[in-house]
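A.B. asks: Sharing a structure here in structure tokens format.
The values are calculated or read from the model by the stated rules, or taken from the named source; none is laboratory data. What you see is a predicted model; the values in this text were computed from it and never measured. Every residue, glycine as well, gets a Cβ built from its backbone with ideal geometry; the counts of neighbours run over all protein chains shown. What goes into the accessible areas is simple: the full protein's heavy atoms, side chains included, and nothing from ligands, DNA or RNA. Shrake-Rupley method; radii C 1.70, N 1.55, O 1.52, S 1.80 Å.
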Amino acid sequence: MKYDVKNFTIEEKIKLLSGKNNWETNDLDGKLPSVFLADGPHGLRKTNDEQTKCGTVPATAMPSLAVLSSSWDRELCYLNAQTIADDCIENNVDVLLAPGVNIKRSPLCGRNFEYFSEDPYLTSELASSYVDGLQDRGVGTCVKHYCLNNKEYERIYQSSEVEERALREIYLKSFERIVKKAKPLTIMCSYNKVNGVPMTENKWLLKDVLRDEFGFDGLIMSDWCAVKNPYKSAKATLDLEMPARSLSYPILKEAYDRGLITEEEIDFCVQNLFNLIERLENMKEKRKVSFSIKERHENAVKIASESIVLLKNDGVLPIKSGNVLISGNKLNEPAIGGGGSSNVKPRTKVLSLQEELEKQGNIAKLSTVSASISETWSKQVYVVYDKAYESDSVILLITSKMGEDQDRQSIKLAPMIEDFINQVAKNNKKVTVCLFTGSAVDMSAWIDNVSAVIWCGFAGEGVFSALAQILTGKISPSGKLSESYPLSIDDTPTGLNLGDAFVDNYSEGLMVGYRYYDKYNKNVLFPFGYGLSYANFEYSDLNIEKQTGTDYIVKFKIKNTSDIDAKEISQVYVKDVCSSVIRPEKELKGFSKNLIKAGETVEVSILLDKSSFSYYSVPLKSDYVENGWFEILVGSSSKDIKLVGKIKINLPETEQISTEYVKTVDEIYDNYWGNIVFSMPED
Ligand code: BGC
């Protein structure tokens, strides 16, 4: 061990429990290397006053995680992270504060654009690739925000009140799987309380669950300014308070002098910092830049082009010819990123959609008019309506910004923007709306009046190049939604409720996202896993092969029946047919994205294992698979199930809780009385 707690005084060790400044760990005046931390996750956001005077260094602006996750592509997530790694290496950043893996519980959460999905399986699969992509290149990751920080309202004070199965199966599952699969070097502890206890002092969740049960052996740091009492945090095994705070040392020193915290407890945290420093040193050889700036930009374009989701198309797309009008409410400042700590300053100039379309060259004539609608009407809207009437088709770029520290109050677009879309649609029958929004949108006011809708999200500096390729049919869209789009906010399990500033009751339990809409038979605007293509696919030949115990290989075929090459995302859901505990109707347990050439067929193979069938048993304190029938549902979305198979799991009786299977009322009656043993007192 190169750095050993034994070689440091108690005063030095106490200093190491908090940062040196905003972004670095304490180096004890050069006795130790300091670790440089910088935001993510949508590219590098390094705030370095010396280099930039103020602001952040320019870097490749990658798609936001909500967009990236719509690719449903593990390899693209890896490529995305490797691209960001280059910027980290060039800027001497040791650990990127990314990725954010909180579950999207409500579409109102202001940071949904920074998170992957409403589903823990999809989140953990993609986030693990992201972690691998950075760490394989010698850059540490910081998986955040652990845990139950599912909205921004009163994020520092409010307690997320959740029962244990939902906690385990929905909210902790992604952290657990990422820790086990990808071994992130660090984890960031969130601002909020969980069941009344601040996460920064929640020893049960930090030590007993994260470290001892999930096996996390890295460093836990606080979210920025999340620590309330530093000695209570250190006792809960929160290793590092960030950023530096002058009050922390005296509080910790006094707590130590008074015996409120032991040297052993301090050593535990300090050793985790030493381990981080050593791990980073051991990874140094991997820190080699592999993409030129141009290639990084091309990666950003490629990822955006495979993530953008086509939501509606009545045949107007792709646009092959004609006079096309481009308009929108923020034409000159397109939303390529969301607000807050993830906002990247793009290094490569972002060309407009018009410039990118002109590069494609097959649209006869393009004209652009910005409507610049915000709070007030602008006269230009009339010019847009006029132009719309004269044009063969219209592309509307509609931006609705969102950012950290603030939740949305509505999932509708502003009324003036809705009206603008409708007015344009009155004057032109071929309107394509491209949404630059961070999360689900209620489109009820206008969707029936337009011909096509494309969700671009906040897709980074490559968005217009990617969008131009999709609009003109150079590539077929292949993204699918990683969150459900409800018909309205009233249809969501949480509605407009964001908690009362003290408590947010997670009373919907396990039924988050599609689990809720499925369970209560609610229609949605667009289901989880949904996205259109220019191609058509046919699913067939489902075959489920048993390996051992709970391991199965699910095989099926997909044929591209169209004349264009395209990618299709297929999804495997598992349904527990008859269970003795409440379970969702079905849960995502596998997926695959395949390029299928025109007219060709591919065979997809997906592995299911114990975790595909288990639920968390609170009394047993572990995951548990109950014997019985399970359905294997293969779909192109969570609502469009193409193939159904069934299997019966039959684990040895020794692995099962005692159960009685009764078929008739008589049998219930017989069993009931038959099993009661009367013990009579002896005379
Ligand atoms: C955010 C984190 C971020 C940190 C540093 C906090 O406000 O919640 O996600 O990494 O600031 O910028």
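A.B. asks: Where both residues lie in the chain, what percent of DSSP beta bridges are antiparallel, nearest 5?
C.D. replies: 55
A.B. asks: Can you sort 83, 601 by solvent-accessible area, 1.4 Å probe, largest first?
C.D. replies: Highest to lowest solvent-accessible surface, that is 601, 83.
A.B. asks: Further, regarding this structure: How large is the accessible surface of residue 132 in square angstrom, using a 1.4 angstrom probe and rounding to the nearest 10?
C.D. replies: 50
A.B. asks: Shifting gears a bit: For region 1-77, just the Cα atoms, rotate onto the principal axes and tell me the three extents in Å, largest first.
C.D. replies: Principal-axis extents of the Cα atoms in region 1-77, largest first: 50, 34, 17 Å.
A.B. asks: Give, as ranges by residue number, the residues of region 541-576 whose backbone N falls under 16 Å from the point 7 Å along Cα→Cβ of residue 601.
C.D. replies: 541-544, 555-562
A.B. asks: Of the options 101, 57, 88, report the single residue whose Cα projects farthest towards the positive end of the charge dipole of region 32-108 (beta-carbon charges: Lys, Arg +1; Asp, Glu -1).
C.D. replies: 101
A.B. asks: Could I ask something else about it? Provide the per-residue ³J(HN,Hα) series for region 144-151, in order, calculated from phi with Karplus coefficients 6.51, -1.76, 1.60 and θ = phi - 60°, each as a whole number of Hz, with x at glycine and proline positions.
C.D. replies: Residue by residue, region 144-151 yields 9, 10, 7, 8, 6, 9, 9, 6 Hz.
A.B. asks: Right, something else. What's the ranking of 196-209, 103-116, 294-307 by average number of surrounding C-beta atoms within 10 Å, highest first?
C.D. replies: Sorting 196-209, 103-116, 294-307 by mean packing, highest first, produces 103-116, 294-307, 196-209.
A.B. asks: Additional query: Just going by the charge dipole of region 463-524, with Lys and Arg at +1 and Asp and Glu at -1 on Cβ, which of 497, 517, 472 is farthest out on the positive end?
C.D. replies: Of the listed residues, the answer is 472.
A.B. asks: In nm, give the distance between the simple-model label positions of residue 547 and residue 655, each being 7 Å from the Cα along the Cα-to-Cβ direction.
C.D. replies: 1.3
A.B. asks: FRET efficiency for residue 594 and residue 379, Cβ-Cβ distance as r, R0 = 45 Å, nearest 0.05?
C.D. replies: Efficiency computed from Cβ-Cβ geometry: 0.35.
A.B. asks: Using all C-alpha to C-alpha distances in region 351-499, build P(r) with 5 Å bins and read off the rounded percent in each one.
C.D. replies: Calculated P(r), rounded to whole percents: 2, 8, 16, 21, 21, 17, 9, 4, 2, 0, 0.
A.B. asks: For an R0 of 22 angstrom, estimate the FRET efficiency from the Cβ-Cβ distance between residue 247 and residue 11 and round to the nearest 0.05.
C.D. replies: Between residue 247 and residue 11 the formula returns 0.85.
A.B. asks: Take peptides 567-576, 490-499 and line them up by average Cβ neighbours within 10 Å, highest first, as a rough protection proxy.
C.D. replies: The packing order, highest mean first, is 567-576, 490-499.
A.B. asks: Okay, next question. For region 114-267, place one equal point scatterer on every Cα, skip the solvent, and apply the Debye formula. What is log10 of I(q)/I(0) at q = 0.11, 0.16, 0.20 Å⁻¹?
C.D. replies: Summing over Cα pairs of region 114-267 leads to -0.43, -0.89, -1.31.
A.B. asks: Once amide H atoms are built 1.01 Å from N in the peptide plane, which residues 5 or more positions from residue 412, or in another chain, come under 5 Å H to H?
C.D. replies: Distant-sequence amide H within range of residue 412: 442.
A.B. asks: Now for a different question. Put +1 on the Cβ of every Lys and Arg and -1 on every Asp and Glu Cβ in the chain; which of 18, 301, 606 then has its Cα farthest towards the positive end of the dipole?
C.D. replies: Farthest towards the positive end: 301.
A.B. asks: If you count, for each residue, the other Cβ atoms within 10 Å and average over each peptide, how do 417-427, 119-129 line up from highest to lowest?
C.D. replies: 119-129, 417-427
A.B. asks: Note down the magnitude of the dipole of the chain about its Cα centre, charges +1 on Lys and Arg C-beta and -1 on Asp and Glu C-beta and zero elsewhere, to the nearest 20 debye.
C.D. replies: Taking the Cα centre of the chain as origin, the dipole is about 1980 debye.
A.B. asks: Search the structure for amide H atoms under 5 Å from the amide H of residue 403, placed 1.01 Å from N in the peptide plane, and list their residues when 5 or more places away or on another chain.
C.D. replies: Amide H to amide H, under 5 Å and 5 or more residues apart or across chains, residue 403 pairs with 339.
A.B. asks: Could you work out the relative contact order of the chain? I mean the mean sequence separation of Cα pairs under 8 Å and 6+ apart, divided by the number of residues, in percent.
C.D. replies: Averaging sequence separation for qualifying contacts and normalising by length gives 14 percent for the chain.
A.B. asks: Can you compute 3J(HN,Hα) from phi for each residue in region 324-332, using the Karplus curve 6.51 cos²θ - 1.76 cosθ + 1.60 with θ = phi - 60°, rounded to whole Hz and x for Gly and Pro?
C.D. replies: Coupling constants for region 324-332: 10, 9, 10, 9, x, 7, 9, 4, 8 Hz.
A.B. asks: Turning to a different aspect of this structure: If amide hydrogens are placed 1.01 Å from N in the peptide plane, which non-local residues have theirs closer than 5 Å to the one on residue 637?
C.D. replies: Close amide H contacts, sequence-distant or interchain: none at all.
A.B. asks: So what is the accessible area of the chain per residue, in Å², with the probe set to 1.4 Å?
C.D. replies: For the chain, the solvent-accessible area averages 40 Å² per residue.
A.B. asks: Spelling out what I want: for every residue of region 232-240, take phi, set θ = phi - 60°, compute 6.51 cos²θ - 1.76 cosθ + 1.60 (Karplus), and round to whole Hz; glycine and proline get x.
C.D. replies: 5, 5, 4, 5, 7, 6, 7, 6, 9
A.B. asks: So what does the Cα-only Debye profile of region 476-618 read at q = 0.12, 0.15, 0.17, 0.19 Å⁻¹, as log10 I(q)/I(0), no solvent term?
C.D. replies: Here log10 of I(q) over I(0) equals -0.65, -0.93, -1.08, -1.20.
A.B. asks: Starting from the Cα-Cα distance between residue 410 and residue 536, subtract it from 0.36 nm times their residue separation and give me the gain in nm to one decimal.
C.D. replies: 41.9 nm
A.B. asks: Quick check on my link table: of 193/232; 13/232; 104/519; 203/589, which ones sit more than 22 Å apart, alpha carbon to alpha carbon?
C.D. replies: With Cα atoms farther than 22 Å apart: 203/589.
A.B. asks: Counting only protein heavy atoms and a 1.4 Å probe, tell me what percentage of the chain's accessible area is made up of carbon and sulfur.
C.D. replies: 49
A.B. asks: Let me ask another. Binned at 5 Å from 0, what are the whole-percent values of the Cα-Cα distance distribution for region 538-666, short to long?
C.D. replies: Going from the shortest bin to the longest, the percentages are 2, 9, 19, 20, 16, 12, 9, 6, 4, 2, 1, 0, 0.
A.B. asks: Kindly state, as a whole number, the per residue volume in cubic angstrom of the convex hull around the alpha carbon atoms of the chain.
C.D. replies: Value for the chain: 197 Å³ per residue.
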